[in-house]
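Just so it is clear, none of the values below were taken in a lab; they were calculated from the coordinates. All of these numbers come straight from a predicted model, not from anything done at the bench. Methodologically, a virtual Cβ is constructed for each residue, glycine included, from the backbone with ideal geometry; neighbour enumeration extends over all protein chains shown.
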Amino acid sequence: MNKKYMFGLFALLAIGLVGATGYLVSSFVITTDIYEPFQVEYAIMGDAGNYVSGDCDEVASEDWMAMSESPIDVGGLYAGESRKICTKIVNLGEGDISYTFSGEATDGGAICATNFGTMSVEGVALGKQTSYNGAIVNVEDAAAPVDNCEITLSVTRG
């Protein structure tokens with residue numbers, strides 16, 4: 001006898017739940033692609049002696065180079081010398097995007113890592129504009145001689 005009332009009560013609750021949901025009037029679906037907003041180029045400031053001064057936005061247009069899949073041999077540096085590595089980021093999008101420009105010795109062993117250390121600078125690439133940033137890569141005064149150190153430079157966004 002009680003089961004008959006239970007089934008009836010469950011039926012009323014189920015109808016109540018269905019009636020409690022909203023009534024869909026209209027909907028639509030969009031599809032979109034996501035594009036890479038950054039075009040990045042690099043330049044190296046400094047000569048056969050040392051980096052002295054200059055701003056990255058003063059680099060001549062022919063001195064900028066796109067990222068390369070193979071290492072670029074820039075010759076050697078003596079202890080105490082430095083170069084300024086510049087980055088030019090063209091933000092094709094309209095939104096302002098934060099980024100980090102970093103570099104670290106990734107090949108050549110512990111001696112290379114000790115001689116160069118790491119560098120990191122942060123910035124914001126404003127929408128539809130070109131941003132310049134740079135960091136000095138310095139060979140420590142007490143650097144031990146070593147061949148073929150590879151320094152990986154990268155720009156990460158977000």
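At-a-glance table
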quantity	calculated
Distance-filtered residues of the range 78-98 - backbone nitrogen under 19 Å, label point 7 angstrom along residue 55 Cα→Cβ	84-91
Choice from 43, 14, 135 with maximal GNM fluctuation in the chain (Cα, 10 Å cutoff)	14
Rounded FRET efficiency, nearest 0.05, which uses the C-beta distance separating residue 66 from residue 124 and R0 of 30 Å	0.85
Listed values [x] 1.45; [y] 1.31; [z] 0.94, entry calculated as Rg/Rh (Cα atoms, Kirkwood Rh)	[x]
Summed side-chain charge close to residue 55 - residues other than residue 55 whose Cβ falls under 14 Å, Lys, Arg +1, Asp, Glu -1	-1
On Cα atoms only, tilt of 2-20 relative to the major axis of the chain in degrees	50 degrees
